[in-house]
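Every number here is computed from the coordinates shown, using simple stated rules; none is lab data. Model, not experiment: these values are computed from the prediction. Virtual Cβ from ideal backbone geometry, glycine too; neighbours counted across all protein chains shown.
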Amino acid sequence: SYRKGGYHAVRVGDQFAGGRYIAQRKLGWGQFSTVWLAYDTKTSTYVALKIQKSAAQFVQAALHEIEVLSAIADGTPSNLKFVVQLIDQFKHTGPNGQHQCMVLEFLGDSLLRLVKYNRYKGLPLNKVREICQCILIGLDYLHREHGIIHTDLKLENVLLVSTIDPAKDPVRSGVSPILERPEGNINGTVTSLIEKKLKRRARRAVAKISVQRASMGGMGEAPKPERNIDGINVRCKVVDFGNACWADKPFAEEIQTRQYRAPEVILQAGYSFSVDMWSFACIAFELATGDMLFTPKVGQGAKSKDFFDRHGDLKRIRRLKYWPLNKLLIERYKFSETDANEFSEFLTPLLDFAPEKRPTAQQCLQHPWLAGKDSIPNDMRTESSVEKVDVGISNLKIKVGK
Ligand code: ADP
Ligand code: MG
């Protein structure tokens with residue numbers, strides 16, 4: 001993909017925007033772009049530099065993402081704490097063409113990495129709560145203040161707020177400002193003597209921390225990763241607005257990643273904000289159990305006709321026995337009865353087939369599973385989600401009462 005119209009090859013120390021940003025290390029990549037940690041010489045901070053592929057359709061997509069990000073950036077500071085912020089944008093010309101670049105605030109690992117790191121066992125429920133609150137505040141802000149649907153919520157698109165500030169702790173974060181391109185024959189995009197040296201330093205620092213932790217536990221054995229989850233600050237932000245749209249002008253019929261796709265999208269019955277709420281429920285389940293809630297596979301096969309009639313109903317099993325969410329949580333995931341009941345009462349309404357019956361982000365924030373168990377201080381929530389306490393859950397209760 002490093003050819004005309006494709007990615008821009010970056011070397012450590014490369015300069016962008018007239019020397020303002022200096023590439024430090026690759027953070028990740030997607031279908032559209034590579035993302036680099038860069039040092040901003042103007043503000044002496046670290047930023048994430050997203051460099052789009054150069055072909056026309058990618059430039060177009062980047063401009064759309066910039067439009068959405070700029071709209072979002074237009075809010076009160078507290079509202080911005082749970083969505084990624086666009087800092088700057090510019091064009092960069094290289095051997096493969098002209099690349100639209102976005103400068104974003106630097107964030108940490110994705111929730112997917114967090115779940116993997118925890119060996120797919122599911123995170124402690126207090127952490128799940130904290131993450132859910134962050135995502136919901138972000139969604140409430142997007143939905144109500146801007147009328148924007150994210151349309152691609154999944155674990156990869158929620159990033160932890162990095163607890164290590166590279167400017168203050170360059171060794172642990174694996175960087176120290178590289179203000180010039182390293183000398184010598186550098187081959188590829190990431191290998192350089194300086195990078196190797198930094199990596200060695202970072203590895204040594206991590207090893208030292210592990211040894212310290214192990215000796216505190218008195219076990220002479222490196223700590224198991226899942227024990228460290230409690231030490232992780234789980235503030236997080238919603239990222240990747242490449243597919244986001246305004247609810248009044250949806251542009252794609254097929255949205256969302258399959259595992260997180262709402263039923264109305266599969267049926268192509270039109271969609272609105274509630275598609276994000278469906279995906280949110282899938283994320284919450286996955287965080288709490290380590291398993292995806294839905295893993296759809298293609299259903300057509302040579303023997304399909306033996307099992308299904310032409311309406312897609314099972315031929316030989318007339319009544320399906322359902323496994324309610326709370327029972328599933330108890331029986332398969334060994335939740336306590338209280339935890340299972342409370343969590344499934346929170347999730348089940350979000351998984352309603354009827355989109356209009358799903359609670360909104362604002363209503364979810366008032367649900368007993370979250371309300372009163374604040375890990376997010378009030379001054380960090382959006383104003384409106386705090387003041388309209390009586391609108392949310394009381395409405396839901398009225399429905400249940402009837
Ligand atoms: P694409 O549009 O090409 O899919 P993404 O916006 O999803 O690009 O970014 C690709 C990857 O870069 C992400 O999965 C993540 O690992 C990393 N990344 C993106 N934005 C940031 C950020 N603000 N801070 C740190 N890493 C980021
Ligand atoms: Mg992406």
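Taken along the Cα-to-beta-carbon direction at a fixed 7 Å, the label points for K321 and K4 span 6.4 nm. Sites listed here are chymotrypsin sites (Phe, Trp or Tyr not before Pro) in the stretch 81-145 whose DSSP assignment is loop and whose Cβ has at most 14 other Cβ atoms within 10 Å: Y120. For each of S336, S162, count neighbouring Cβ atoms within 10 Å of the residue's Cβ, then give the residues from fewest to most. By the 10 Å Cβ count, ascending, the order reads S336, S162. Fully extending the segment from A247 to T295 would add 14.6 nm, taking 0.36 nm per residue of separation and subtracting the current Cα-Cα distance. In a DSSP loop and with at most 16 other Cβ atoms within 10 Å, the trypsin sites (Lys or Arg not before Pro) in the stretch 253-329 are K297, K303, R310, K315, R316, R318, R319, K321. What does the C-alpha gyration tensor say about the overall shape of the stretch 1-107? Classify as rounded when a/c is under 1.5, otherwise prolate if a/b is larger than b/c, or oblate. Verdict is oblate for the stretch 1-107. Each residue in H99, H143 was given a count of other beta-carbon atoms within 10 angstrom of its own, and listing them fewest first yields H143, H99. Summarising the label geometry, the points placed 7 Å from Cα in the beta-carbon direction at R11 and H311 lie 6.7 nm from one another.
Taking the Cα centre of the stretch 275-351 as origin and assigning +1 to Lys and Arg Cβ atoms and -1 to Asp and Glu Cβ atoms, the resulting dipole is close to 780 debye.
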